[in-house]
Structures are given as structure tokens and as C-alpha cells.
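To keep things clear, I will list the structure first and then write my remarks on it.
The values are calculated or read from the model by the stated rules, or taken from the named source; none is laboratory data. Here the structure is a predicted model, which is why all the values come from computation and not from measurement. Neighbour counts run over all protein chains shown; Cβ positions are idealised from the backbone, glycine included. Side chains included, ligands, DNA and RNA excluded: accessible areas come from the protein's heavy atoms. Shrake-Rupley method; radii C 1.70, N 1.55, O 1.52, S 1.80 Å.
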Amino acid sequence: IYAVYAFCRVVDDVADGPGTAAERLAALDAWEAELARAFRGRPLTAVGEELARAQRRFALPEAEFALILEGMRMDAAPLV
């Protein structure tokens with residue numbers, strides 16, 4: 001659960017953080033790539049490493065993490 005929380009915390013901080021909407025969305029794209037690497041056993045970050053370990057142990061569904069990122073993109077995008 002710590003790995004899942006850490007992922008949620010970091011992407012929420014990106015979505016709600018400083019920078020332009022384009023910068024926040026690009027940072028979320030980078031986390032999407034890290035998520036893909038983690039689920040394939042090749043993460044580059046400490047959070048990704050913990051997600052990879054948790055996924056191997058508990059068969060976490062990658063699609064659920066994609067939905068988290070989708071929600072964060074809605075938060076990061078400018079309101080029109």
C-alpha cells in the first residue's frame with residue numbers, strides 16, 4: 001500500500017504543482033512512462049521500483065494506475 005500511496009502522492013503533487021499546464025501534463029506523461037517501465041520490471045525511480053515490487057507480489061492491475069493518471073491529467077489541464 002505504501003508504494004501505491006507514494007505513486008498517488010507524487011502524481012497528485014505534479015498535477016496540483018507549479019508550472020504551466022503543459023509542463024504538468026508533460027511531467028504526468030513522464031510518470032506514465034515510468035509506470036510502464038515499472039510494470040515491465042525496469043523502473044528508473046524509487047517509487048517505480050517499489051511499484052514493480054508490489055506488482056510482482058500482488059498482481060496489481062496496470063489499468064487502475066492508468067485511471068489514476070487520467071484523473072490527474074484532468075486536474076492538471078486548464079479549465080476552459
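The table below gives the values:
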| read-out | value |
| --- | --- |
| Listed peptides 30-40, 9-19 by packing density, highest first (mean Cβ within 10 Å) | 30-40, 9-19 |
| Added length on full extension, which subtracts the Cα-Cα distance from 0.36 nm per residue, MET74 to ALA59 | 2.7 nm |
| Integer Hz, Karplus 6.51/-1.76/1.60 couplings in order for the stretch 62-69, x for Gly and Pro | 4, 4, 5, 6, 4, 5, 4, 5 |
| Accessible surface, per residue, of the chain when the full set of protein chains is kept, probe 1.4 Å, Å² | 63 Å² |
| Estimated vicinal HN-Hα couplings, Hz - the stretch 8-21 in sequence order (Karplus 6.51, -1.76, 1.60; Gly, Pro = x) | 4, 4, 5, 6, 5, 4, 5, 4, 9, x, x, x, 6, 4 |
| Spin-label model distance (nm) - ARG40 vs TYR5, 7 Å beyond Cα toward Cβ | 3.1 nm |
| Charge dipole magnitude, Cβ of K and R +1, D and E -1 - the chain, Cα centre, debye nearest 20 | 400 debye |
